[in-house]
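The values are calculated or read from the model by the stated rules, or taken from the named source; none is laboratory data. As the structure is a prediction and not an experimental result, all values here were calculated from the model. Please note: Cβ atoms are built from the backbone with ideal geometry, for glycine as well, and neighbour counts cover all protein chains shown.
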Amino acid sequence: MSTVKTSEHTGPLSAETRRPLLRRTARVAVGGLCVLAISLLVMVAFWGTSTIGGLAGSMGEQPSPAPSPSAPTAFPGPGNTGVPPGAHLTLHRGDLILLQPGDVVSNVEVHGCVSVQAPDVTLRSIRVVGACGIHNESTGLVVEDSTIDGGRNANAVGVSFGNYTLRRVEVVGTGDGARANGNVHIEDSWVHGLVEGPGGHNDGIQITEGSNITLRHNTVDNPLSQTSAIMIGADQGDVADVLVQDNLLSGGSYALYAGANISGGFTVKDVRLVGNQFSRVRFARAARYGPVNVRNDEAISMSGNVWQGTSTPVH
């Protein structure tokens, strides 16, 4: 038993008493520091292998972000097309006629027709409700992050006829989604919910003449059993330089018609159907009769078209 009873000692400690006590205290302190250092090393090693995201965040470094549901690999749909959630729209009742070149119109809900009669107009975050949709009579029109709702009118057309670009646009409740007759670029957009009327021939996207047309990375779903998701035909004039690439297609008689209706003397050439996917969501064969009906093979090339989510080719 120790002869030093500090709890009972009331006077100052002698030098002989202080020296061994200080030595023991120093040894305890050094031992404690060693244990603390080893504990910290173990914790860092553990965090580094099991919770590096949390550790990096605490050090001011940003972990890699999780993939976005609207990343380029995701096909367009309700989460990445149309008017963005939370957008505040000003209501405009009646037709909207745009006459100012280079005009930019945003955050508006139009209950009526939109008539574009000036070049280089931009429509951004707008909702158009009614049978007229957007009618472009000029050049350079750009429509982005917008919704066109035909109100389930079989006579409605979402966008017509040429010289426009659509990006992240939703078209719903129309007879035809978009008529694309020259100098048209449609990408990352969603056409769905087509409405059939008496004697209807419904197309998600319809081309009947024109050139310089690109349809890339769209979802086009025709819920009906007639006509198509995309139709390319020379009904009204020559068709050339058309690229249909990386789209998700379903519905109609055939999900994709290409090269049809040249009996009027018009020509079809340089049409490329590349890397599209065909969905069975409507029909086991993508559409009523099959995925693709291609005519004029010498003018149309096909490559890399597959059934959705597989590497099985579609011919």
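Tabulated values for the structure
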{"read-out": "Complete set of residues in region 243-261 that are among the hydrophobic types (A, V, I, L, M, F, W, C) and surrounded by fewer than 24 Cβ atoms within 10 Å (Cβ to Cβ)", "value": "Leu243, Leu248, Ala260"}
{"read-out": "Criterion: in contact with a Lys or Arg (Cβ under 7 Å, 6 or more places away or on another chain), touching a residue at least 40 places away in the same chain (Cβ under 8 Å) and not aromatic (Phe, Trp, Tyr) - qualifying residue of Ala229, Ala287, Ala299", "value": "Ala299"}
{"read-out": "Residue within region 255-276 that is at pLDDT 95 or above and β-branched (Val, Ile, Thr) present", "value": "yes"}
{"read-out": "Answer from Gly193, Gly210 - the residue that is on the phi > 0 side of the Ramachandran plot, among the small types (Gly, Ala, Ser) and crowded, with 23+ Cβ neighbours inside 10 Å", "value": "Gly210"}
{"read-out": "Residue count, region 262-281 (criterion: under 18 Å from Glu209 (Cβ atoms), surrounded by fewer than 15 Cβ atoms within 10 Å (Cβ to Cβ) and not acidic (Asp, Glu))", "value": "4"}
{"read-out": "Positions within region 122-139 being free of Cβ contacts under 8 Å to residues at least 24 places away in the same chain and touching a Gly at 6+ places or on another chain (Cβ under 9 Å), in sequence order", "value": "Thr122, Val128, Val129"}
{"read-out": "Failed item in (1) over 29 Å from Pro119 (Cα atoms); (2) in a loop (DSSP other than H, G, I, E, B); (3) of a type in the set (Ser, Thr, Tyr), with Tyr257 passing the rest", "value": "(2)"}
{"read-out": "Leu215 being in a strand (DSSP E or B) and of a type outside the set (Phe, Trp, Tyr)", "value": "yes"}
{"read-out": "Residue in region 267-280 that is within 14 Å of Asp238 (Cβ to Cβ), in the same structural domain as Gly251 (by TED's automatic domain parsing), among the polar types (S, T, N, Q) and in a loop (DSSP other than H, G, I, E, B) present", "value": "yes"}
{"read-out": "The one condition in (1) outside any helix (DSSP H, G or I); (2) out of contact with any His (no Cβ under 9 Å at 6 or more places or on another chain); (3) under 24 Å from Glu209 (Cβ atoms) that Val292 fails to fulfil", "value": "(2)"}
{"read-out": "Matching residues in region 222-252 - criterion: being assigned to a loop (DSSP other than H, G, I, E, B) and within 26 Å of Ser311 (Cβ to Cβ)", "value": "Asn222, Asp246, Asn247, Gly251, Gly252"}
{"read-out": "Every residue from region 275-307 that is of a type outside the set (S, T, N, Q) and touching a Leu at 6+ places or on another chain (Cβ under 6 Å)", "value": "Phe278, Val292, Met302"}
{"read-out": "Residue match in region 216-226 (condition: in contact (Cβ under 8 Å) with a residue 40 or more places away in the chain and on the phi > 0 side of the Ramachandran plot)", "value": "yes"}
{"read-out": "Given (1) under 20 Å from the mean Cα position of the chain (by Cα); (2) free of Cβ contacts under 8 Å to residues at least 24 places away in the same chain, number of the condition Asp103 does not satisfy", "value": "(1)"}
{"read-out": "Test: residue in region 282-299 that is modelled with pLDDT of 95 or more, small (Gly, Ala, Ser), under 21 Å from the mean Cα position of the chain (by Cα) and within 20 Å of Arg216 (Cα to Cα)", "value": "no"}
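This table checks each residue for (1) at pLDDT 50 or above; (2) under 25 Å from His217 (Cα atoms); (3) assigned to a strand (DSSP E or B).
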residue: Ala56; (1), (2), (3): no, no, no
residue: Gly60; (1), (2), (3): no, no, no
residue: Pro69; (1), (2), (3): no, yes, no
residue: Phe75; (1), (2), (3): yes, yes, no
residue: Asn80; (1), (2), (3): yes, yes, no
residue: Val83; (1), (2), (3): yes, yes, no
residue: Ala87; (1), (2), (3): yes, yes, no
residue: His92; (1), (2), (3): yes, no, yes
residue: Gln100; (1), (2), (3): yes, no, no
